[in-house]
Amino acid sequence: MHGNVWEWTQDCWHESYRNAPGDGSVWPGANGGDCDRRVVRGGSWDDDPQYLRSAIRSRDYSDVAGIDLGFRIARVF
């Protein structure tokens, strides 16, 4: 799936992982988070190969739309 589109997450943007939750839960605006910007992960078809991995993160404003931004819906069966 890497390289399709940057994937939106529910996490608010933080400059570093300092004080991040360790259990995989959503990281809200506490501890200096910017909830006007959300974390996007994974790179898109328009990026160089070094950006096409889930560990890559960036940020964008919550109201932005583009051809290289999307999201993944997960469902437990």
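Nothing in this text is a laboratory measurement; each read-out follows from the coordinates by a stated rule. These numbers come from a predicted model, not from an experiment. Methodologically, a virtual Cβ is constructed for each residue, glycine included, from the backbone with ideal geometry; neighbour enumeration extends over all protein chains shown.
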Inset, instruction - Only one of these is out of contact with any Gly (no Cβ under 8 Å at 6 or more places or on another chain) and aromatic (F, W, Y): Y51, Y17. Name it. - result: Y17
Legend entry - Residues of segment 54-70 that turn out to be of a type outside the set (S, T, Y), more than 17 Å from C35 (Cβ to Cβ) and exposed (fewer than 12 other Cβ atoms within 10 Å of the Cβ), as a count: 4
Legend entry - segment 52-76 residues that are closer than 17 Å to C12 by Cα and in contact (Cβ under 8 Å) with a residue 60 or more places away in the chain, paired with ones that are of a type in the set (A, V, I, L, M, F, W, C) and assigned to a strand (DSSP E or B) (beta carbon under 6 Å, 6 or more apart): L69/W6; F71/W8
Inset, instruction - Inspect all residues belonging to segment 25-33 and state whether any of them is loosely packed, with under 12 Cβ neighbours inside 10 Å and either under 24 Å from D68 (Cα atoms) or of a type in the set (V, I, T) (or both). - result: yes
Legend entry - Residue under evaluation W8, criteria (1) in contact (Cβ under 8 Å) with a residue 60 or more places away in the chain; (2) assigned to a loop (DSSP other than H, G, I, E, B); (3) not β-branched (V, I, T), criterion not met: (2)
Legend entry - Filtered residues of segment 46-63 (kept if farther than 13 Å from E7 by Cβ, part of a loop (DSSP other than H, G, I, E, B) and either among the acidic types (D, E) or more than 13 Å from the chain's Cα centre (by Cα) (or both)): D46, D48, D63
Inset, instruction - Residue by residue through segment 1-33, note down the ones that are under 13 Å from the mean Cα position of the chain (by Cα) and of a type in the set (A, V, I, L, M). - result: V5, V26
